[in-house]
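Worksheet: one structure, shown below.
A short reminder: the numbers here are calculations on the coordinates, not readings from a lab. A quick note: this is a predicted structure, and the numbers were derived from the prediction, not measured. Please note: Cβ atoms are built from the backbone with ideal geometry, for glycine as well, and neighbour counts cover all protein chains shown.
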Amino acid sequence: MSRGQGMAQFLDNLKAAPRRFAESAWRSGTPNTDRSRSSFVFGNVFLHLHPVRTHRWSLRWSTTWGLGIASVSAFLITLVTGVLLMFYYKPYPDVAYDAIKDIHFVVPTGRFIRNLHRWAGNIMAVSVLLHMARTFYTAAYRKPREFNWVVGMVLLVVTLGLAFTGYLLPWDQLAYWAITIGANIAQSPREVTDALGMTAVFDPGGLQKLLLLGSEDVGAEALIRFYLLHVMILPLVLVLLIAVHFWRIRKDGGLTRPEDADRRVGGPAGIHPSFTEAPQKTYHLAAVVRGRTAAVGRGPEGTVPAMPHLFYAEMAALMLTVFVCLLLSLLIDAPLKELANPSVPENPAKAPWYFLGLQELVSFSAFMGGIGIPAIVILGLALIPYLDRETTGTGEWFGGPGGGRLVAGSAVFGLAAVLLVETFAIRLGWIREWWLAAPQILITLVNPGTVLTLIYALYSIWLVRRHQSGRAGALGLFTCFLCGFVVLTIIGTWFRGPNWGFYWSRAHWPGH
Amino acid sequence: MRGTKHLLLWTSLGALLLLGWAAYAENFRQEWRLLQAAYRDRLPADRRAEFQAQLRQIVVPALNSVDRCVTCHLGMSPGDTALPGDRVFGPHPDVSHDPAQFGCTVCHGGQGRATVKADAHGDVRHWPEPMIPRRHAYAGCGACHTHLAIPETASLDRGRALFERHDCLACHRMEGRGGTLRPGGAGGMEGPDLTAAGARGYDRGWYPGHLAHPEEGRTGAGDGRAEAAGAAGSGARRWQASFAPLPAGDPQAIDIYLGSRVGAPGLVEAKALFHSIGCRGCHSIAGVGGDDGPDLTREGQRDPGQLGLTHATGGASPTGGAALTGWLADHFRAPARVVAGSAMPEIGLTDEQIDRLTFYMMSLRRSDYPEALWPKDRIRAERFGEREFATDGPTLYGTYCAACHGRQGEGMRFPGTTAFPAISNSDFLAIASDDFLRQTIRRGRPGRRMPAWGEKEGGLRPDEIDAVIAQVRRIGGGVVARPDPRPARWARGDSAAGARLYADACASCHGATGEGGEGPALHNRVLLEAAGDTYLFETIRRGRRGTSMAAFSDASPVRRTLEDEEIEAIVTHIRTWEVKR
Amino acid sequence: MNERSRLAPEPMPRRDFLGLSAMTSALVALLFAGIGMMRLPKAAVLPSPSRRFRVQLPESLADGEAYVPPGRAVAFYRRGDTVYAMSTICTHLGCVVRPTASGFDCPCHGSRFGPDGAVLKGPAPKALPWLQVRAIGRNAYVVDEGRTVPSGTVVQA
C-alpha cells in the first residue's frame, strides 16, 4: 500500500464518518420497509419496549384515549421542569419562599416553568386517575394483567405522594397548613390506639409522623425530608415502576382487546402471516423458556407495524399533553400565598384539590378518612383482578353483565348515596352533636365516611347476587366510589369555607 | 392514522405557537420591559445609547433585602438618570437615608423581589407586606426609629403655635414652609432649615445668647456665613430690632416643639395624638401598656388579607396598604362595626384625628434587623429601657390614663361599659393619699378594668407613677390629701348592723357583695388593702361631688341620713370581705 | 458428569441445604442492613425547642378569660385564686384553635371545644389536654407543653 493510497483511504473514511456514525447509531438503514422498521424499533434502547406490530384495535382512540401516554408525558414534563426548578430552589424555611419568589419574578422564564411544573403535575394526577378508570371499565386488569394492575395501583399512590410532597416546598401558608394536616393524618392511628389504650406501648401513628417530619412540628427537618422525597425517592420509585409497568404491558400481550377484535376492526381480506395463539411452528429458544410463546402462523391479520402507526399515536398524545400544559401555564399562574406562619392557621386550610375529597372524610374522622377508607379502597381495587375471574366483556367499555346500564344505574345510586349522607351530616350533624359523651371508637367506626363505604359495599354485594357475577359487583363498586370521590372533592373544593363550614358560595363566607 | 397525524400536527403547531407567544411575552411584553422602553424614549439622546434594558436591584445583605423597585423606578436607581417631575422615573426626594445604601422596602414596605407592579406594591391578595400608602409614607420610619421622644398633643400644639406666632418661619424653613424672608426685604433663607432639628440637634442656648450679644446675631446660628458677618453695622442693628425677648416659658415650649422635629412630618403629630388620648391604657406596644385590647407592636405590618374587610364601610380597597389604612380608619370610626364583638368604645374622633391615628398605626412595625444597624434611638429604647415617648406627667397621663379617666380626669362613660371614675374629683383627691394612689396605680383593680401598672405588670416605673400622681393632682386643681392621723384600720362597728345598712343604702350601686355595678367594686383585694378606714369612712360621709356618690351624712328627702356610728358599721362590714379573702 | 441434553431440564434437588442457607443468610443480612439504615431517619433526639416556658399573667386577667402568650399555643385561665392552662392545638389534625367566648373553635375542620377543653362538636377525638403548670410567685408560672395533666387540675395562684 503506497503512502498516497493510505492518505486517500483516510480522507474517504473522514468523509464517510458522519454516515457511518449514523449507521452505527441506528444500525438498520432508513426504516422504509416493514422489516427495517422492525429492526429500527428493537435496535433502539428507547424504542425496544414497543412491540414490532400493533393491533389496530389498540390504535383506536376509544380504546385508551391515550391516557397512559398522557400520564407519562405529564411526568416527563414535570421531570424536566422540576430539574430546572432545582437550579434555584433551596430547601430551607423562609429561604425556600424567597427562592420561589425569585423564580416567579426574576428568573427568566421562571414563572412559566413553575406553572408548567404545577400544571403538568395536576394533569398527571388527573390522567392517572382516568387511566385507572379506563383500565377498569374495559376490564383490562383481567388475567394475565392482574399484576400490572397492582403495579398501577402503586403508581397511583406514588403519583399522589409526589403531588403531596411538592405541595410543601414553596413554604407558604397554604403549604404549611396542608402539610401539618397531612402529617397529623399520618399520626391518626393514635385515634384507634388511644381508644384501645395502647398508645404507650404501640404507637405506629406517632412513628409515621416522626419519620415524615423528623421533628414534632413542621419545620426545617420536615422541609428537607419532603424535598428529598419529592426530588429523589419518589421519582426513582416512579421511574422504576413505570419501567416494570411498560415491560409488563409487552409481556402480557399488549393492550387488551375483545376476542373478536380482528373482525370488528375489519381486517383486510385474505390470509397473512401473523402471530397466533396456537403455534404451528415453534422456535427452539421458545421451547426452553416454557409458557406462552411467540410463533408464526397464518391467519387473518389485524396488526400493523408499530413504526410508524403506534409512534404517531404516542407522539400525538404527548403533544396534546404538552399543548394543554402550555395553555394552562400561560393562562393561570401557580398560586403562592404569604409566608408560612406557624401560629395562624389558614382558614380554611385546604389541601390540593385531589385530596379535598379525603379532607372531607377527614373532617368526620381523622383515622378513617385519612388512612382507613383510603387503605380499604386501594386494597379493594388491588384485589379486583383476583376476585373477578370472568372473561366476558374483556376489552370492551363497560364490558360484563349489565354493561353500560349497570354502570349508569350505579352512578345514580352512588351519587344519591353520597349526597344523602353528606346532606344528613351537614344538616343534622353526627353522633357527637346528639350524644356528647359518645366514645371515640364509636365515631371512628360509625361516621359518614364508613357509612358511605358500607352502603357502597352492600350495594355491590347485592349486584353480585343479582347478576351472579363478580364483575357486576366490581363495576358497581368502582362506579360508586368514583362518584363518591368526585362529589366529595367538589364539596371540599367549592362548598367548604372558614371552620370547614358548609357555604353555598364563596360570597357567603363570613369576613373573619 | 390520518386522524392521529392531524392531531399530532395541530397540537404540535399549537404548542409551537404557545411557546412563541411565551417567548415573546417573556422578552418583550413584561411590564418592566415596557416601562424601561418608555423611559429610554424619554432620555436625552446622548444617554439613550448607554441605557441597558435589564433588571436592576439594590441588594443590602445586612438587611436581608433585595429590592428590585429600581427596575421601574429608574430615577432612583444608582447610575441611571432621573427624569424630574415624573411619577415613576422621578428622583427620590432628599432624605437622610440614601436609597442606594438602604434599599427601598426597609422604609416603604412592599415586596422587593417582585418585578410586577401589583405584586411589588402588594396590591394582590395574600401578599402579607404591602407598601405603605404614599399619604402615610413617613410611617415607614417606625420600622427602625421607635424612640421619638414625643410629648402629648397639647404641648406640641402650643410649641408650634408659638413658633409661628413669633415669626420663626420668616428666616427658618420648617418641613417645606417658611424661610423666605431676609432682613431688608430680600428673599431667600436666612436661618438654617429646622425640619430635622430634633434629630440633628441644635444649640438651645442660641436664642438667649443672641439676645445678649445682638452684634453676633448672624453668626450665632452656628454655620457662620463669613460674607454675611461682614455686613455693615446697620445690618446688625436691623437684626437686633427684629428680635424681641420672648415671654417667659415660650422658649421652653418652642424647644419641646423643635425637639420633636425629626424630619418625619405628620408622624410626630400622629404619635403625639396616640399618647394624648390614653390608647396605651388598653393596648400595649413593645410590652408597655394595658392588655385589654390587642397588642399593637406590629399593627402596621398586619396582613391585609387577614383583616376581614366585609364589615369595613369606608370604601376600603380589598388589597394592599390602602386596605389596611381603610380598615383602620373605619375601625376608629366605629370599632364594633368592623370587628364583631370589639370592646373598644367609639371615642368620637374627628376625621383629622382618625387620619393621624391611622398614620401612627401604620408606623407600628418592627423589623428584625441586626442590632448593629439599629438607630441610636431604638438602641436607647430597647436596650437601655428609655421610653418611646416623653415621660413628663402630662404625656404619661395622656398615654395611659386619658382614655378611661378623661383628659382632665373627669371620668368617662362609654356605651355598654360601666362608668370610669373621675379621678380629678377634689373630694376624692382630698382623702386619697399619694400612697393610696400609688398602690392603686401599681396594683390596679384585679378583675376590673383598671390594670396593674407596676413595673412588672404594666411597665410603669416608680418615678413615672409619681409623675402621673403629680399630674392627677395638677388637673384636680392642686388638691393635696389631708394627712390622716388615725391608723389604717380603726373601724370597730357592728358588722351585722353594717351588713343591713349596706344592703339598704349601698348594695343598689355597689352590688350585694360589693362586686360593683353602677358604682365601683368594693370587694376588691387591692382597694381594701390600700384604702384606710378613714378613706372609706370619709367617702361615705362626704360623698363625691359631681358624681353619683352622695354624701350620706347630709339630710336628703330620698334616702336616710347615716350617723357616724352607722357609717363605721358599714366600713366594718366592708372590711369583713377583706378577712374572708 | 452425566451426559444431558440441553433441552432436558436441570434437576433441582428438593433440599439444597447449602443453597437455601446461602440465600437465606444473604436476605437476612440485607434485611438487617435495611433496618440499620432505617435508624437514620428516626432521630434519637428531636430538634424541637424546649416546650417548657415561663409566663407572666396580666393582673387584670378576669375569671374565665383566656390569656394566650404571644407565639405560644397555650391558653391560661384564672378561676378564683387558681390558675390552669390548656393546649390550643386541636387534637384532630394539629391546627391552632382560637379561644372564643364559649370555648375554642378550630378553623380547619370545625371542631368546637368547651371552656374546659371538652369536645362539643366536630371530628376531634379528644378534649384539649390540660398542661402542667407550676406557680413561681407574683403571677408568674412555668408551664410545660410536653406534660399533660388530667382535666380539672389547677394550681393555687
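Listing for the model above:
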{"item": "Mean Cα-pair separation over length for chain A, i.e. relative contact order, pairs under 8 Å, 6 or more apart, %", "result": "19 percent"}
{"item": "CD proxy at 222 nm, helix term only [per DSSP H run n ≥ 4: -39500 (n - 2.57); per residue of chain B; nearest 500]", "result": "-11000 deg cm²/dmol"}
{"item": "Only Lys, Arg (+1) and Asp, Glu (-1) charged, at Cβ; chain B dipole about Cα centre in debye", "result": "1180 debye"}
{"item": "Net charge contributed by nearby residues that have their C-beta within less than 15 Å of A:GLY393 (K/R +1, D/E -1)", "result": "+4"}
{"item": "Pairs beyond 23 Å (Cα-Cα), from A:LYS209/C:LYS121; A:LYS209/C:LYS126; A:LYS90/A:LYS337", "result": "A:LYS209/C:LYS121"}
{"item": "Kyte-Doolittle at least 0.0, axis length at least 27 Å by Cα - qualifying DSSP helices, chain B", "result": "B:2-24"}
{"item": "Mean ellipticity per residue at 222 nm, deg cm²/dmol - from DSSP H runs of n ≥ 4 across chain A, formula -39500 (n - 2.57)", "result": "-20000 deg cm²/dmol"}
{"item": "Whole-Å distance, taken between Cα centres, linking the range B:10-64 and the range A:344-391", "result": "46 Å"}
{"item": "Distance in nm between pseudo-label sites at A:ASN32 and A:ARG405 (7 Å out along the Cβ direction from Cα)", "result": "5.7 nm"}
{"item": "Chymotrypsin sites (Phe, Trp or Tyr not before Pro) lying in DSSP loop within the range B:342-410, provided at most 15 other Cβ fall within 10 Å", "result": "B:PHE384"}
{"item": "Hydrodynamic radius of the range B:31-142 per Kirkwood, over alpha carbon pairs, in Å", "result": "14.5 Å"}
{"item": "For the range A:408-444 versus the range A:230-248, the gap between their alpha-carbon centres in whole angstrom", "result": "38 Å"}
{"item": "Footprinting exposure proxy for B:ARG173, B:ARG489, C:ARG39 (fewest neighbouring C-beta atoms within 10 Å first)", "result": "C:ARG39, B:ARG489, B:ARG173"}
{"item": "Global form of the range B:267-382, assessed from the alpha-carbon gyration tensor, a/c cut-off 1.5", "result": "prolate"}
{"item": "Relative contact order (percent, whole number), the range B:495-580, Cα cutoff 8 Å, 6+ residue spacing", "result": "35 percent"}
{"item": "Straight-distance crosslink candidates among lysines, where the alpha carbon sits under 21 Å from B:LYS271 and sequence neighbours closer than 8 are dropped", "result": "B:LYS376"}
{"item": "Angle in degrees between helix A:373-387 and the longest Cα principal axis of chain A, rounded to the nearest 10", "result": "40 degrees"}
{"item": "Relative contact order [Cα under 8 Å, 6+ residues apart], the range A:71-170, whole percent", "result": "34 percent"}
{"item": "Summed side-chain charge close to B:THR399 - residues other than B:THR399 whose Cβ falls under 11 Å, Lys, Arg +1, Asp, Glu -1", "result": "-1"}
